[in-house]
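Asker: Dropping a structure here in structure tokens format, bear with me for questions.
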Amino acid sequence: MDMKKASMIIDKDYQISKIDPRIYGSFVEHLGRCVYGGIYEPGHPSADEQGFRKDVIDMVKELNVPLIRYPGGNFVSGYNWEDGVGPVESRPRRLDLAWRTVETNEVGTNEFADWAKRVNAEVNMAVNLGTRGIDAARNLVEYCNHPSGSYYSDLRRSHGYKEPHKFKTWCLGNEMDGPWQIGHKTAAEYGRIATEAAKVMKWVDPTIELVACGSSSRGMRTFAEWEATVLDHTYDHVEYISLHTYYGNPQNDISNFLAKSLDMDSFIKSVISICDYVKAKKRSKKQINLSFDEWNVWYHSHESDKRLEPWTVAPPQLEDVYNFEDALLVGCMLITLLRHSDRVKIACLAQLVNVIAPIMTNNGGETWRQTIFYPFMHASNYGRGTALQTIVKSPVYDSKEFTDVPYLESIAVHNEENEELTVFAVNRDTTEGLLLECDARQFEGYRVVEHLVLENDDIKAANTAERPDAVKPHSGGEAKLQDGRLTAPLPKLSWNVIRMKK
């Protein structure tokens, strides 16, 4: 029986956009064991002088994450930033109403800034527009970014941080259309406070960039109307609007699950349309870009989270154990983000450690890579440069929710500086391989240096502390490039990275 075939034309002049490295961002929230027991565990054998786990730092560096959103998430809507600065011994313990835990405030803004430097990442700082407002927001910008000679900048200096942190991107609150949010607001209420906060934050530091909250998900009743109203208020004061989405497979239908990146694609297109509608309405020359600052698979831990004892410190919350099929969807979602890199400039995989995360730890013990670690690591390390507008023909299938789902999900990235071309490809076919044939004649003198494949006979296989390498990629793919023609057999249900170099 002949293998199914898909074709692709790659032309270096057909460009989507230069990829903003921040598309490979992530997220650290004061939630579960993300901070305490994740990035920070003073008693751990690998802990550095500040209590940060060096084994975790090493793994984060493997992911090459350029930007990390902090400190929330739902947490930020009840957070007083002043609780997390100054002498640690005098910081208050607070009830965190977002996640029903106790926050010790051992780690705050300055400690996190130190940690971010260790992993070579910038901080995407969030301000509380739930219980707080304009005043706290401008004070935090002054504390973080103003050099000296004012109350809050001098307070930072008295805390041992002589130089300003110079945080560039800031989120104006979090998921403010969600009834679960502390300080939940209507679109008009949020639009007004976000505008006024944005104004004073930029008066303190005109160099910052701001992200307004979009809907908490496309499934919200408020979706679209919320974005339009919020942008009506904030358009002249912000650079980005946020998108959040999570997918799951509770029905155990892999063909439908792997098609969910089509929903993400359509979500992005909808938000771009709304941004451009407001632009037209305002007769503006300015373009609003997208910050997809929460995205991932999330559904495995829902049941265990219901049974947690409230008001404890750093309990194991949202600890999804990811399997092989989750890694494939994460791969499809990464390709979708890259395909929209002309407008999606920031994206944050939520989250980074322990909480719906690529990296897991045991308190006092080991750390390991979840299945989703690998597609993210490959995209982040090999997906730098320019996203190309490829012309793809692929056989298709229908699933429960989607029609005409291509078996091949793919993108090509050209790094002109390094003379590298990378094709990322997922084969969604559950039963057979797919032969990818590419016309790459423009890339004369290039050759295949590596064809990485993530595949597994067990779609539910997962990595654990005991079996950390149950699911991992190999470099035994059979891609060949001859006379400008790339041929690559893609195994059934596989994530592929085909790396070519001149």
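The values are calculated or read from the model by the stated rules, or taken from the named source; none is laboratory data. Here the structure is a predicted model, which means the values were calculated and not measured. Cβ coordinates were reconstructed from backbone atoms using ideal geometry, including for glycine residues, and neighbour counts include every protein chain displayed.
Asker: Looking at the stretch 196-210, I want the residues that are within 12 Å of His146 (Cβ to Cβ) and have a partner that is aromatic (Phe, Trp, Tyr) and modelled with pLDDT of 95 or more with Cβ atoms under 9 Å, at least 6 apart or on another chain. Which pairs are those?
Answerer: Met201/Trp170; Asp205/Phe167; Ile208/Phe167; Ile208/Trp170
Asker: Still on this structure, please answer the following. Take the stretch 401-433 and flag every residue that is hydrophobic (A, V, I, L, M, F, W, C) and in a strand (DSSP E or B).
Answerer: Result: Val405, Leu408, Ile411, Ala412, Val413, Leu421, Val423, Phe424, Ala425, Val426.
Asker: Is it true that some residue in the stretch 220-235 is within 25 Å of Met125 (Cβ to Cβ) and under 19 Å from the mean Cα position of the chain (by Cα)?
Answerer: No; the residues of the stretch 220-235 include none that is within 25 Å of Met125 (Cβ to Cβ) and under 19 Å from the mean Cα position of the chain (by Cα).
Asker: Go through the stretch 421-448 residue by residue and tally those that are within 23 Å of Lys18 (Cβ to Cβ) and either β-branched (Val, Ile, Thr) or in contact with a helix residue (DSSP H, G or I) (Cβ under 7 Å, 6 or more places away or on another chain) (or both).
Answerer: Qualifying residue count, the stretch 421-448: 3.
Asker: Out of the residues in the stretch 14-44 meeting the condition of being surrounded by fewer than 21 Cβ atoms within 10 Å (Cβ to Cβ), more than 26 Å from the chain's Cα centre (by Cα) and touching a residue at least 40 places away in the same chain (Cβ under 8 Å), tell me which one is nearest to Ala488 (Cα to Cα).
Answerer: So the residue we want is Tyr14.
Asker: Contact list please: Cβ distance under 8 Å, first residue in the stretch 137-156 and surrounded by fewer than 19 Cβ atoms within 10 Å (Cβ to Cβ), second residue part of a loop (DSSP other than H, G, I, E, B) and of a type in the set (A, V, I, L, M, F, W, C), pairs at least six apart or on different chains.
Answerer: Pairs that qualify, where the first residue is surrounded by fewer than 19 Cβ atoms within 10 Å (Cβ to Cβ) and the partner is part of a loop (DSSP other than H, G, I, E, B) and of a type in the set (A, V, I, L, M, F, W, C), are Leu155/Val85.
Asker: Scan the stretch 222-239 and report the pairs whose first residue is on the phi < 0 side of the Ramachandran plot and whose second residue is of a type in the set (D, E, K, R) and in a loop (DSSP other than H, G, I, E, B), with Cβ atoms within less than 6 Å and a gap of 6+ or a chain change.
Answerer: From the stretch 222-239, the pairs are Thr222/Asp177; Trp226/Asp177; Tyr235/Lys282.
Asker: State all residues of the stretch 240-265 that are more than 18 Å from the chain's Cα centre (by Cα) and either within 18 Å of Arg343 (Cα to Cα) or touching a residue at least 12 places away in the same chain (Cβ under 8 Å) (or both); if no residue qualifies, say none.
Answerer: If the condition is that a residue be more than 18 Å from the chain's Cα centre (by Cα) and either within 18 Å of Arg343 (Cα to Cα) or touching a residue at least 12 places away in the same chain (Cβ under 8 Å) (or both), then Asn249, Pro250, Gln251, Asp253, Ile254, Ser255, Asn256, Phe257, Leu258, Ala259 are the ones that fit.
Asker: Is it the case, given these coordinates, that Ala113 is under 20 Å from Gln50 (Cα atoms), under 20 Å from the mean Cα position of the chain (by Cα) and not hydroxyl-bearing (Ser, Thr, Tyr)?
Answerer: Criteria met by Ala113.
Asker: Still on this structure, please answer the following. When the residues of the stretch 344-383 are filtered to those that are more than 17 Å from Val119 (Cβ to Cβ) and among the charged types (D, E, K, R), which remaining residue is surrounded by the most Cβ atoms within 10 Å (Cβ to Cβ)?
Answerer: Here the answer is Lys345.
Asker: On the given criteria, is Ser153 in the same structural domain as Ser291 (by TED's automatic domain parsing), in a loop (DSSP other than H, G, I, E, B) and of a type in the set (Ser, Thr, Tyr)?
Answerer: no
Asker: Does Asn124 satisfy the criteria of being more than 27 Å from Glu309 (Cα to Cα), under 20 Å from the mean Cα position of the chain (by Cα) and in the same structural domain as Glu49 (by TED's automatic domain parsing)?
Answerer: The answer is yes for Asn124.
Asker: Please name all residue pairs, on different chains or six or more residues apart, with Cβ atoms under 6 Å, provided the first residue is in the stretch 362-388 and is under 18 Å from Ile459 (Cβ atoms) and the second residue is hydroxyl-bearing (Ser, Thr, Tyr) and buried (at least 18 other Cβ atoms within 10 Å of the Cβ).
Answerer: Close Cβ pairs satisfying both conditions: Gln370/Tyr322; Thr371/Tyr322; Ile372/Tyr322.
Asker: Still on this structure: Where residues in the stretch 388-411 are aromatic (Phe, Trp, Tyr) and within 27 Å of the chain's Cα centre (by Cα), which of them is farthest from Pro491 (Cα to Cα)?
Answerer: Ranking the qualifying residues of the stretch 388-411, first place goes to Phe402.
Asker: Mind checking which residues of the stretch 73-86 are outside any helix (DSSP H, G or I) and either under 20 Å from Glu122 (Cα atoms) or without any contact (Cβ under 8 Å) to a residue 40 or more places away in the chain (or both)?
Answerer: The answer is Gly73, Val85.
Asker: Would you mind stating whether Thr312 is assigned by TED's automatic domain parsing to the domain that holds Tyr70, of a type outside the set (Gly, Ala, Ser) and crowded, with 19+ Cβ neighbours inside 10 Å?
Answerer: no
Asker: Whether any residue in the stretch 427-447 is at positive phi, among the acidic types (Asp, Glu) and at pLDDT 95 or above is what I want to check.
Answerer: No, the stretch 427-447 contains no residue that is at positive phi, among the acidic types (Asp, Glu) and at pLDDT 95 or above.
Asker: Starting from the stretch 322-342, take each residue that is of a type in the set (Lys, Arg) and list its partners that are not in a helix (DSSP H, G or I), counting only C-beta distances under 7 angstrom and pairs at least six apart or across chains.
Answerer: Arg339/Ile16; Arg339/Ala387; Arg339/Ile411
Asker: Can you name the condition, by its number, that Ser341 falls short on among (1) under 14 Å from the mean Cα position of the chain (by Cα); (2) more than 15 Å from Ser291 (Cα to Cα); (3) among the hydroxyl-bearing types (Ser, Thr, Tyr)?
Answerer: Here Ser341 clears every test but (2).
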